[in-house]
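Below is one structure, written out as structure tokens; the observations come after it.
The values are calculated or read from the model by the stated rules, or taken from the named source; none is laboratory data. Here the structure is a predicted model, which means the values were calculated and not measured. Backbone-built Cβ (ideal geometry, glycine too); neighbour counts: all protein chains shown. Calculation scope for accessible area: heavy atoms of the full protein, side chains included, ligands and nucleic acids excluded. Shrake-Rupley method; radii C 1.70, N 1.55, O 1.52, S 1.80 Å.
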Amino acid sequence: FERAAGLTDEDAERGQSLARAGDLAAMGGRVDEAVPLLEKAIQILDAAGQNAEAASAEARLGEVLFSTGRIEEGVALLERALAVHDEAGDEAAIAPVSAQLGRLLFFEARREDAMPHVERALELSERLRLADVVVQGLINKALLLQHRPNESLGLMRQALVLAEETGADRGALRA
């Protein structure tokens, strides 16, 4: 994808290719490669007026930064991405970003701020039938409700059942 980015003269295509390269680097655990690729993709996509694509790359970068302990930066990126998707009214993009933002806010010890995002993610993902987002939302809600152990455990068990039924391996591992 990096080579493809270098072969095109169109900024939007170059930005999308770099974002995909960053995604693949992140999935492969190559965070040091993923961060600059995603940052460059965001810059190019923003300049090309590809707001939704830039927001998606920001959300992915936020996840990558979280994995390196840079939670506060990740939260800021996810909040910006969510604002763009909100403005566009793209519920299918809002749901996973809301779930991830809730997760990061939990790890930032901001439970009160996290719950509305988790609830929103669950509401949208249930309606849109986004099983992987439902799984993530259930896990996040279970973590937020640890002070109510029976409810928390019930949510976590349902997340695991749904993850196994739908092949959401990442969710199954988290649950």
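Screening the chain for DSSP H helices whose Cα atoms reach 15 Å or more along their own axis and whose mean Kyte hydropathy is at least 0.5 gives 31-47, 91-107, 131-144.
For Cα pairs less than 8 Å apart in space and 6+ apart in sequence, what is the mean separation divided by the residue count of the stretch 81-174, i.e. the relative contact order in percent? Intermediate values should be presented prior to the final figure.
On the way: 124 pairs, mean separation 20.3, N = 94.
That works out to 22 percent.
Cα centroids of the stretch 147-175 and the stretch 93-133: 15 Å apart. Rounded to the nearest 0.05, what FRET efficiency do ASP9 and GLU79 give with R0 = 22 Å and r taken as the Cβ-Cβ distance? Could you check? Efficiency, from the Cβ-Cβ distance: 0.10.
Split the accessible area of the stretch 25-172 by element, probe 1.4 Å, and carbon with sulfur accounts for 50%. Counting 0.36 nm for each residue step from THR166 to ALA88 and taking away their Cα separation leaves a gain of 25.2 nm.
Could you state the accessible area per residue of the stretch 24-143 in Å², with a 1.4 Å probe and every protein chain left in place? Intermediate results must be reported in sequence, preceding the final value.
Working: 5520 Å² over 120 residues.
Ligands and nucleic acids excluded, the figure is 46 Å² per residue.
With R₀ fixed at 25 Å, the C-beta to C-beta distance from LEU24 to HIS147 puts the FRET efficiency at about 0.05.
Give me the Kirkwood hydrodynamic radius of the stretch 1-108 in Å, from all C-alpha pairs, to one decimal place?
Values: mean 1/r = 0.0734 Å⁻¹.
Radius from the Kirkwood sum: 13.6 Å.
When HIS117, HIS85, HIS147 are compared by accessible area of protein heavy atoms, the largest-first order is HIS147, HIS117, HIS85, using a 1.4 Å probe.
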